[in-house]
1. Could you give the longest part of the chain that holds none of the GluC sites (Glu not before Pro) found in DSSP loops with at most 16 neighbouring Cβ atoms within 10 Å?
2. Using a/c under 1.5 as the rounded threshold, could you call the chain rounded, prolate or oblate? The axes a ≥ b ≥ c are square roots of the C-alpha gyration tensor eigenvalues, and prolate needs a/b larger than b/c, oblate otherwise.
3. Multiply the residue gap between ARG96 and ALA274 by 0.36 nm, knock off their C-alpha separation, and tell me the result in nm, one decimal place.
4. Over the C-alpha atoms of region 302-372, what are the Rg and the largest Cα-to-Cα span, Dmax, in Å?
5. Quick check: with the 1.4 Å probe, what order do LYS141, LYS267 take by accessible area, largest first?
6. Hey, what's the chain come to in accessible area per residue, 1.4 Å probe, Å²?
7. Rounded to the nearest 0.05, what FRET efficiency is calculated for GLU33 and ASP173 with R0 set to 41 Å and r the Cβ-Cβ distance?
8. Quick one: pull the percent of accessible area on region 1-96 belonging to carbon and sulfur, 1.4 Å probe, ligands and nucleic acids left out.
Amino acid sequence: MATIIKAGKSAAEQHEADEKVKAVVAGVIRDIEANGDAAVRKYSGQFDNWSPGSFKLSEEQIGEIIATVPREVIDDIAFAQRQIRFFAQQQRESIRDIEVETIPGVILGHRNIPVASAGCYIPGGRYPMVASAHMSVLTAKIAGVKRVIACTPPIKGQIPAATVAAMHMAGADEIYLLGGMQAMAAMALGTETIPAVDMIVGPGNAYVAEAKRQLYGRVGIDLFAGPTEILVIADETADAEMVACDLLGQAEHGPTSPGVLITTSEKLARKTLAEIERQLETLPTADIAGVAWRDNGAVILVADEAEALAEADRLAYEHVEVLTRNPDYFLENMTNYGALFLGPETNVAYGDKVIGTNHTLPTRQAARYTGGLWVGKFLKNCTYQRCTPEASVVIGEYGMRLCEIEGFMGHKEQAALRVRRYKNAATPQF
């Protein structure tokens, strides 16, 4: 049976914090729905101290901003986008339209149709999340979305130039310097100056995530997202320095970010706890990472790989690093995760920034029922059908009887009309 060596906040404590966020977001959405640009401008000024003449950047402004970005930064963004574009293209090519004849004269098919428009949120706040531009804007464009708009907040009153460059290089059709829940509501509901989109995507803080949840239904979303999560599964072959480094690397996202170590080695567990404290003494982001680990970090000791697997699938975490003798055991058997990082040679930072897989992933156990953002999220799988007259009679006769079983007599008449109309056609036997 698993042993908890260190635990984080309880579910009750987390729920209390969530309820406070819900109330704030609901009020902001109502205000923006009623008052449009005026409400957006009010909240942008209140939360970001940002109230320009226009939130939308002109082509001239975009060019001027990009000109301030060092060449090496542009080259690095281009490298990352090549990796992400290539993998997204491979994913898109794996999704096929089909058309089949199920019985003579009955043709069924489906088409994968991109949504017409998407709004991508690229977080700012403490960190300019440049990589989120690649993950959302570029992926939507590879999927075939015709209109892709992107919002990102100013950072302490300054334009995040590298983020704007990444949005533009990824193919954004419109770029807005607008952040937070007000950006999500503006994109989803539309305002006088921001035409509404069909879908909103991208990570963000608790307020952004809650805005997506409350707006879902009026628009599509990629997935429900909470604070970023990391789970490290390790055995005695792992080293404590690496485990601690990777746990703290994700903890720096924010004070509510959970990090868990599941290990078969009590020695590693104890050494990792000590190593985390040592690294926090010099980590530049220790003010955030330390709080996250203190409040949301956990260490679970298990008997063997099978118990580690069971615990990992129960947690269903966003990022899962496997630092064990045989990482493929978890690749072959684990079912609930956002993304796997197999072996010490890779890590979550690679996935977050550059390697090519998407970093917008399910949190809060959503990995039990969904994967992360990918080209398929922007596609609608839409079916169609057609029949020859002869096949319509065959299907219609079955349909009449099946509709009558359920008492749907209007449905039955739809089928009966076709049977009467096409009955004189030669009917094949099946």
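The values are calculated or read from the model by the stated rules, or taken from the named source; none is laboratory data. Bear in mind the structure is a predicted one, so any value in this text is a computation, not a measurement. All Cβ positions, even for glycine, are placed from backbone atoms using ideal geometry, and neighbour counts span all protein chains on display. We work out accessible area using only protein heavy atoms, side chains counted, and drop any ligands, DNA or RNA first. Shrake-Rupley method; radii C 1.70, N 1.55, O 1.52, S 1.80 Å.
1. Within the chain, the longest run free of exposed GluC sites (Glu not before Pro) spans 1-191.
2. On the way: a/c = 2.02, a/b = 1.37, b/c = 1.48.
Oblate is the answer for the chain, as a/c is 1.5 or above yet b/c matches or exceeds a/b.
3. Values: separation 178, 0.36 × 178 = 64.08 nm, distance 5.11 nm.
Additional length available on full extension: 59.0 nm.
4. Values for region 302-372 (Cα only, Rg and Dmax): 11.8, 35 Å.
5. Details: LYS141 65, LYS267 150 Å².
Reading off the accessible areas and sorting them downward yields LYS267, LYS141.
6. On the way: 20660 Å² over 430 residues.
Solvent-accessible surface per residue comes out at 48 Å².
7. On the way: r = 24 Å, r/R0 = 0.59.
Working from the Cβ atoms, E equals 0.95.
8. Working: 3220 of 6160 Å².
Summing carbon and sulfur atoms, their accessible area is 52 percent of the total for region 1-96.
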